[in-house]
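To keep things clear, I will list the structure first and then write my remarks on it.
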Amino acid sequence: MTRGNVTSAADHGDVEPPSRFTSLQICAGAGGLALGLEDAGFDPVLLLDSRPIACETLRLNRPHWDVRDVDLVDFDPVDHRQVYDVDLLSGGLPRVKSPAAVARTRGDAAELSVLRAAVDLIYGVQPRAILLENVPDLVRHSDYAPIRGFVAEELGHLGYRFQWHVLNAKDYGVPQSREVGVLVAVKGDLIDRFEWPRPHPGPRRTVGETLRDTMSARGWPDAEKWAAQADVIAPTIVGGSWERGGADLGPTGAKRSWARIGVDGGTVADHVPDACFDWNPALGRPGLVPLTVDQVALLQGFPPEWQIAGRKTARYRQVGNATPPPLARALGEAIASVLRSAHNSPIQVAGQ
């Protein structure tokens, strides 16, 4: 394959489409996106994150992954040529603020600089497909139109066509209402073959179903009773700021939602309740059961064997800011389907 050009297997005879694909994972965090994409058939040649504790989490779970602690703004693909022409460049980028919000708060738009660095990286890497996840308002709010315009212009120069969409993780097997804004881009006209993953059929998994076994792990006698009444989807879990505050389950409205199913959303516990815990919501917070980081990870769709490195608050930040792996898998499977469909058919590149 030549740099900057697109070829297809049809140029070399009819061969079997690949079963696995390569990816470059940026802003990898706790690995939710990378894990889901791995399940969908994408093996990362390199994973980047600027936080050492996130890199430790990735190495803890996948020692064979090539994980680098580096700021995306400083990353130069010339020094890592294995990323050239990967099948997929993917990342859950820091939550971008709208230009209007940045102006009001006199912010430095650090998150926007990461988005720009991600777009710049596309020039050097030339991936076949791109998957970027961010806030839903980036997709649908008029305040973000200048950012969408910038992305559209840059991708157009490179011969990519793209789609924006908002998906909710609860539709893909995650027991949490969590909207995410997603950009999918593919070289040339392949985007015409892309279909957003359909919601899973059947009833959605609830908080009680997901946490029942862990709640009873230390002999809490009310675990079954609590699980039976927690028959709802969790509100959005908010990772919070790395720069300030402790671990809790979100803003005031979210805490009220948690309280309605007997959960203390104002803190994160070190352990699940033991046999002596008195669950009595009438007492207020002292009578509500707090969740542990491991339980929150289950509500994010992480498998129980996935380990999160660090102390409690750092662990919670990683989990709360992650892309739910089941959602990532659904998106990865949709992109893989497009790449496989192109393997034995010509690809038309825009502008050629």
Could you list, in sequence order, all residues of the stretch 176-190 that are crowded, with 21+ Cβ neighbours inside 10 Å and either of a type in the set (S, T, N, Q) or more than 22 Å from Gln300 (Cβ to Cβ) (or both)? Gln176, Ala185, Val186, Lys187, Leu190
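Under 22 Å from Gly246 (Cβ atoms) and of a type outside the set (A, V, I, L, M): which single residue out of Pro326, Pro281, Pro290, Pro303 fits that description?
Numbers: Pro326 fails: under 22 Å from Gly246 (Cβ atoms); Pro281 fails: under 22 Å from Gly246 (Cβ atoms); Pro303 fails: under 22 Å from Gly246 (Cβ atoms).
Exactly one residue qualifies, and that residue is Pro290.
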Kindly provide the set of residues from the stretch 148-180 that are touching a residue at least 40 places away in the same chain (Cβ under 8 Å), under 20 Å from the mean Cα position of the chain (by Cα) and within 20 Å of Val119 (Cα to Cα), ordered by number. Val180
Residue list for the stretch 271-312, restricted to those being of a type in the set (D, E, K, R) and part of a loop (DSSP other than H, G, I, E, B): Asp274, Asp278, Glu305, Arg311
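Would you check if there is a residue in the stretch 182-193 being assigned to a strand (DSSP E or B) and touching a Ser or Thr at 6+ places or on another chain (Cβ under 9 Å)?
No, the stretch 182-193 contains no residue that is assigned to a strand (DSSP E or B) and touching a Ser or Thr at 6+ places or on another chain (Cβ under 9 Å).
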Looking at (1) assigned by TED's automatic domain parsing to the domain that holds Asp294; (2) touching a strand residue (DSSP E or B) at 6+ places or on another chain (Cβ under 9 Å), which is the only condition Leu190 fails? (1)
Of all residues in the stretch 213-243, which are in a helix (DSSP H, G or I) and closer than 18 Å to Asp264 by Cβ? Thr214, Met215, Ala223, Lys225, Trp226, Ala227, Gln229
Selected residue [in contact (Cβ under 8 Å) with a residue 60 or more places away in the chain, more than 30 Å from Pro197 (Cα to Cα), out of contact with any strand residue (DSSP E or B) (no Cβ under 6 Å at 6 or more places or on another chain) and hydrophobic (A, V, I, L, M, F, W, C)] from Ala314, Ala334, Ala330: Ala314
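Taking the conditions exactly as written (closer than 27 Å to Glu333 by Cα, at pLDDT 95 or above, among the acidic types (Asp, Glu) and in a helix (DSSP H, G or I)), does Glu209 satisfy them or not? Step through it out loud before you land on a result.
On the way: closer than 27 Å to Glu333 by Cα: yes; at pLDDT 95 or above: yes; among the acidic types (Asp, Glu): yes; in a helix (DSSP H, G or I): yes.
Yes.
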Hey, Val86 on the phi < 0 side of the Ramachandran plot, at pLDDT 95 or above, assigned to a loop (DSSP other than H, G, I, E, B) and not charged (D, E, K, R) or not: yes
Top-ranked residue of the stretch 39-70 - restricted to ones that are of a type outside the set (Phe, Trp, Tyr), under 15 Å from Ala336 (Cβ atoms) and in contact with a Phe, Trp or Tyr (Cβ under 9 Å, 6 or more places away or on another chain), ranked as surrounded by the fewest Cβ atoms within 10 Å (Cβ to Cβ): Asp43
Among (1) crowded, with 21+ Cβ neighbours inside 10 Å; (2) under 24 Å from Gly36 (Cα atoms), the one test that Pro197 misses: (1)
So, of the residues in the stretch 31-83 that are polar (S, T, N, Q) and in a helix (DSSP H, G or I), which turns out to be farthest from the chain's Cα centre (by Cα)? Gln82
Run down Ser90, Ser142 and say which single residue is surrounded by fewer than 20 Cβ atoms within 10 Å (Cβ to Cβ) and of a type in the set (Ser, Thr, Tyr). Ser142
Mind checking whether some residue in the stretch 149-162 is at pLDDT 95 or above, outside any helix (DSSP H, G or I) and surrounded by 22 or more Cβ atoms within 10 Å (Cβ to Cβ)? yes
Looking for whichever is in contact with a strand residue (DSSP E or B) (Cβ under 8 Å, 6 or more places away or on another chain) and either assigned by TED's automatic domain parsing to the domain that holds Leu283 or surrounded by fewer than 15 Cβ atoms within 10 Å (Cβ to Cβ) (or both) here; the options are Thr267, Thr236, Thr252. Which one fits? Thr236
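The values are calculated or read from the model by the stated rules, or taken from the named source; none is laboratory data. Remember, it's a predicted structure, so these values are computed and weren't measured experimentally. For neighbour counting, all protein chains shown are included, and Cβ atoms are generated from backbone atoms with ideal geometry for every residue, glycine included.
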